[in-house]
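Single-structure report; data block below.
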Amino acid sequence: MSKEYTFLVFCIEIVKRARQLSGREVYKFFEQYDLITYIVDFYELLHVHGEKYILQDIDERIAELSQLRWLKKHGDRYRAFLKSRGQDG
């Protein structure tokens, strides 16, 4: 197993313990938010940090992706709402 995928398993274990989820639940969650690719691609940047930083980074990534998904789904209505209030955003 490559060092990147060993690190991925480590990240799954961090989230599993912190969120009290099963490994399977965390893995599905990682797939849903494309975190597997993210963690493997950014291995060099992430692996030098501690568990707290890694967990925070994963949480921030999920929040960003959740916002992007929401905007993709509701963006037109939200922009129309802002425009109706004179807040062209």
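Observations, loosely collected:
- Of all the residues in the stretch 33-56, those that are part of a helix (DSSP H, G or I) and either aliphatic (A, V, I, L, M) or surrounded by 17 or more Cβ atoms within 10 Å (Cβ to Cβ) (or both) number 10.
- The stretch 1-32 - residue that is hydroxyl-bearing (S, T, Y) and in a helix (DSSP H, G or I) and, of those, surrounded by the most Cβ atoms within 10 Å (Cβ to Cβ): Y27
- Qualifying positions in the stretch 65-80 - surrounded by fewer than 11 Cβ atoms within 10 Å (Cβ to Cβ) and under 19 Å from Y33 (Cα atoms): Q67, K72, K73
- Tabulated pairs, the stretch 60-72, first within 14 Å of F30 (Cα to Cα), second assigned to a helix (DSSP H, G or I), C-beta under 7 angstrom, 6+ apart or interchain: R61/L35; R61/Y38
- Residue match in the stretch 45-60 (condition: over 22 Å from K3 (Cβ atoms) and not polar (S, T, N, Q)): yes
Bear in mind these aren't lab numbers, they're just calculated from the coordinates by the rules spelled out. What you see is a predicted model, and the numbers here were worked out from it, not measured in a lab. Quick reminder, even Gly has a Cβ in these numbers, built from the backbone with ideal geometry, and neighbours come from all protein chains shown.
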